[in-house]
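One structure below.
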């Protein structure tokens, strides 16, 4: 996919907020004027359908195209195909099939940037996406918990093994911010995420507060700035 | 004689298969190398997840180096060799006769299926299409296709493994629902009595030709011009009276209250029964291909009622009719009996 800039948002551990950061990053990038798409590659736990207000994906000329959200972001998600309560079981074989369908070039030809919400763990979907987008830039999301940081390091190893570029780390749910006095309370204490980022040789791009509208793009300007240096147009 | 009900195998899960299973199946057919296995596909104007809610067979689209093919796991209730062979031969002969049936590919041993990892699979040509949209164009296409199919089936040199009368079929459903939902439909319940009365009034004609057995909206795909692009699922094909297919088509296309485009039936207590049939275009199109005799026209309403009752009972089995009172079933049955009398109007 020639000029499409692909940003993969991973993190290893489930529940660290990859999906929320993905949605926020997409909106923050769109605010700079880019035509942005979001690919929900978490096939078993698709969340982007809930984070963007859009209708179902519809085929055009027999090809599946992403849905257009109310804020003009194109969204491709299995969550836009199945019902909310549907439990999805994917084998490696069907995962590859679904990823191929969702990454058809025609689906994203109107986008400058595609932000990919990776599934947790080291799974077939990520490997398939790496082969489809070998020039992708990756951002890892973590919290300050020891378990999440360990998975973050593991995810970095996995992405680098697939020869994908790692841009930086985002620490989500790093602190709570008091609404009245603006004081902050670290949730996990310490600077584990910063240390981990340093060990990985990448910057800590952002420390995001807990529950403060990350999905709207708030707090992600630093991430956008780091990415825009690497985006082709 | 009522056929002994087969019991669903225990321990059968409905996860997807590992890739080795797909490769093993593909290796048995002249379709090249496996490239991908698709469950997310386009059907007309919708994007769907194949077999998402299936409780009987898993379905996939195989992408190989030679094209796309439809892989289907044969349902447990018809996976005996005779049934599979019959269904496949029927599909292929109908395809040869110009009807829109995907052809079933022969495996390397010449059989119409392969057995891999404890399941039986068929591979057929892939013919996707759109779902029924309720338009008159679609209704006529359905009736036309059904009429053509019955006319062609009458003369085919195939031998169904079994013949079933509509009375036997509804009686089987009665047995099944009594086993699965004894509180609601077991012996002594009002619903059981209702169905007993219905069974007694149904024709007991085992029929003389092959029939589809499950001619419902979800087993047909429409082309963009409304015509029928494909007819699927001959798993229930058998010998019978063609009115059984026509009655079921009328019931499923016009009378049963499905929830949107799903196969889930809305609770009969929540929906008012029909006051008219509306199957005129479908039946008229059918009769242009296969005119009904006076005797058939006279007994067709009973087949429509049976088509309704069979699907309603299966809905009870699936637990979709929890809490629905006997009176609601009776109300619906009575209403369907009345509107069915005008099915050819």
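The values are calculated or read from the model by the stated rules, or taken from the named source; none is laboratory data. Quick caveat: nothing in here was measured; it's all calculated off a predicted structure. Every residue, glycine as well, gets a Cβ built from its backbone with ideal geometry; the counts of neighbours run over all protein chains shown.
Among the residues of the range B:50-67, those identified as within 14 Å of another protein chain (Cβ to nearest Cβ) and not in a loop (DSSP other than H, G, I, E, B) are B:59, B:60, B:61, B:62, B:63, B:64.
Every residue, every condition in (1) touching a helix residue (DSSP H, G or I) at 6+ places or on another chain (Cβ under 9 Å); (2) within 14 Å of another protein chain (Cβ to nearest Cβ); (3) assigned to a loop (DSSP other than H, G, I, E, B), yes or no:
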site	(1), (2), (3)
B:32	yes, no, yes
B:69	yes, yes, no
B:95	no, no, no
B:122	yes, no, no
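All of B:176, B:202 fail the test of being buried (at least 19 other Cβ atoms within 10 Å of the Cβ) and in contact with a helix residue (DSSP H, G or I) (Cβ under 8 Å, 6 or more places away or on another chain), apart from B:202. Taking every residue in the range B:334-345 that is in a helix (DSSP H, G or I) and pairing it with any residue that is surrounded by fewer than 14 Cβ atoms within 10 Å (Cβ to Cβ) and at pLDDT below 95, at least 6 positions away or on another chain, the pairs with Cβ-Cβ distances below 6 Å are B:339/B:276. Per the listing B:199, B:170, the residue uniquely part of a helix (DSSP H, G or I) and in contact (Cβ under 8 Å) with a residue 40 or more places away in the chain is B:170. Restricting attention to the range A:161-175, and to residues there that are surrounded by 14 or more Cβ atoms within 10 Å (Cβ to Cβ) and farther than 18 Å from residue A:220 by Cβ, which single residue is modelled with the lowest pLDDT? The residue in question is A:162.
Selection within the range B:12-22: residues that are more than 7 Å from every other protein chain (Cβ to nearest Cβ) and modelled with pLDDT of 85 or more. The member of this set that is surrounded by the most Cβ atoms within 10 Å (Cβ to Cβ) is B:21.
Filter the range A:55-76 for residues that are surrounded by 19 or more Cβ atoms within 10 Å (Cβ to Cβ) and part of a loop (DSSP other than H, G, I, E, B); which is farthest from the other protein chains (Cβ to nearest Cβ)?
A:73
Of the strands (runs of 3 or more DSSP E) lying entirely inside the range A:77-189, those containing at least 1 residues that are under 20 Å from the mean Cα position of the chain (by Cα) and more than 14 Å from chain B (Cβ to nearest Cβ) are A:113-117, A:137-142, A:165-177.
Within the range A:212-230, does at least one residue satisfy the condition of being in contact (Cβ under 8 Å) with a residue 12 or more places away in the chain, more than 25 Å from residue A:51 (Cα to Cα) and part of a helix (DSSP H, G or I)? Checking the range A:212-230: not a single residue is in contact (Cβ under 8 Å) with a residue 12 or more places away in the chain, more than 25 Å from residue A:51 (Cα to Cα) and part of a helix (DSSP H, G or I). Checking B:25, B:47, B:41 one by one, the residue that is at the interface with chain A (Cβ under 7 Å from one of its Cβ atoms), surrounded by 19 or more Cβ atoms within 10 Å (Cβ to Cβ), outside any loop (DSSP other than H, G, I, E, B) and modelled with pLDDT of 85 or more is B:47 and no other. Within the range B:207-214, is there a residue that is in contact with a helix residue (DSSP H, G or I) (Cβ under 6 Å, 6 or more places away or on another chain) and surrounded by fewer than 17 Cβ atoms within 10 Å (Cβ to Cβ)? Within the range B:207-214 (the criterion being in contact with a helix residue (DSSP H, G or I) (Cβ under 6 Å, 6 or more places away or on another chain) and surrounded by fewer than 17 Cβ atoms within 10 Å (Cβ to Cβ)), the answer is no, since none of the residues qualifies. Filtering the range B:223-254 to residues that are more than 16 Å from the chain's Cα centre (by Cα) and at pLDDT 95 or above leaves B:227, B:229.
Condition first: outside any helix (DSSP H, G or I), within 14 Å of chain B (Cβ to nearest Cβ), free of Cβ contacts under 8 Å to residues at least 12 places away in the same chain and surrounded by fewer than 24 Cβ atoms within 10 Å (Cβ to Cβ). Can you find one or more residues in the range A:26-35 that meet it? Checked against the condition, which is being outside any helix (DSSP H, G or I), within 14 Å of chain B (Cβ to nearest Cβ), free of Cβ contacts under 8 Å to residues at least 12 places away in the same chain and surrounded by fewer than 24 Cβ atoms within 10 Å (Cβ to Cβ), the range A:26-35 yields no hits at all. Sort out which residues of the range A:1-25 are closer than 17 Å to residue A:159 by Cβ and assigned to a loop (DSSP other than H, G, I, E, B), and write them in order of number. Those that are closer than 17 Å to residue A:159 by Cβ and assigned to a loop (DSSP other than H, G, I, E, B): A:11, A:12, A:13, A:14, A:16. If I filter the range B:259-269 for residues that are outside any loop (DSSP other than H, G, I, E, B), touching a residue at least 24 places away in the same chain (Cβ under 8 Å), in contact with a strand residue (DSSP E or B) (Cβ under 7 Å, 6 or more places away or on another chain) and surrounded by fewer than 23 Cβ atoms within 10 Å (Cβ to Cβ), do I get at least one hit? Taking every residue of the range B:259-269 in turn, at least one turns out to be outside any loop (DSSP other than H, G, I, E, B), touching a residue at least 24 places away in the same chain (Cβ under 8 Å), in contact with a strand residue (DSSP E or B) (Cβ under 7 Å, 6 or more places away or on another chain) and surrounded by fewer than 23 Cβ atoms within 10 Å (Cβ to Cβ).
Being touching a residue at least 40 places away in the same chain (Cβ under 8 Å), part of a loop (DSSP other than H, G, I, E, B) and closer than 15 Å to residue B:254 by Cα is a condition met by no residue of the range B:292-311.
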